[in-house]
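Accompanying notes for the structure given below.
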């Protein structure tokens, strides 16, 4: 499982880390925001085996 969010969206990436996902990427100026500016993104992931172990 993988997911990404804007680096500035602390609530989103904190939730992903809370459920056990690890931060694997930090992309600089990677996502175009609706405001027209480019924002950094962070990518998180969790292997299926890791998810099963947590349950």
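See the values below:
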item: Looking only at region 1-16, and only at residues there that are touching a strand residue (DSSP E or B) at 6+ places or on another chain (Cβ under 7 Å) and not in a loop (DSSP other than H, G, I, E, B), the one that is surrounded by the fewest Cβ atoms within 10 Å (Cβ to Cβ); result: 2
item: Residue in region 18-55 that is modelled with the lowest pLDDT, counting only those that are loosely packed, with under 12 Cβ neighbours inside 10 Å and part of a helix (DSSP H, G or I); result: 54
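The values are calculated or read from the model by the stated rules, or taken from the named source; none is laboratory data. The structure displayed is predicted, hence computed values, not measured ones. No Cβ is skipped: glycine too gets one built from the backbone with ideal geometry, and neighbour counts run over all protein chains shown.
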